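> Please read through the structure below; I'll follow up with questions.
Read-outs: derived from the displayed coordinates by stated rules, not from any lab. Just so we're clear, the structure is a prediction, and the values are computed from it rather than from any experiment. Neighbour counts are summed over all protein chains in view; Cβ atoms, including those assigned to glycine, are modelled from backbone coordinates with ideal geometry.
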Amino acid sequence: MDDISIKYMSVAATMIGATFAGGQGLSKVFTIWLEGIARNPSADSKLSKAGFVAFAGTELVLLMGFVIAIMLLNK
């Protein structure tokens, strides 16, 4: 294989890994968030703050994967 195909394969592997990890993280965050609200509806305001922070942290995984993929393309 030539260098360009290896570059594109590494970018694809990075994006697949980041999207898989992000999807697994988001599903876990929202599952626990909704279970907590279902068990104690009065704690919705406290759980919303923590849920949004967890959501942002999980989205960071996706963004970092995208940044790494762009860096690999420009290498």
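A quick yes/no check of all residues on (1) in contact with a Leu (Cβ under 7 Å, 6 or more places away or on another chain); (2) assigned to a helix (DSSP H, G or I); (3) over 19 Å from residue 7 (Cα atoms); (4) of a type in the set (Lys, Arg):
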residue: 24; (1), (2), (3), (4): no, yes, yes, no
residue: 29; (1), (2), (3), (4): no, yes, yes, no
residue: 36; (1), (2), (3), (4): yes, yes, yes, no
residue: 42; (1), (2), (3), (4): no, yes, yes, no
residue: 49; (1), (2), (3), (4): no, yes, yes, yes
residue: 53; (1), (2), (3), (4): no, yes, yes, no
residue: 64; (1), (2), (3), (4): no, yes, no, no
residue: 69; (1), (2), (3), (4): no, yes, no, no
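> Can you work out which of the residues in the stretch 29-56 that are in contact (Cβ under 8 Å) with a residue 12 or more places away in the chain and under 30 Å from residue 10 (Cβ atoms) is surrounded by the most Cβ atoms within 10 Å (Cβ to Cβ)?
Once the filter is applied, the top-ranked residue is 29.
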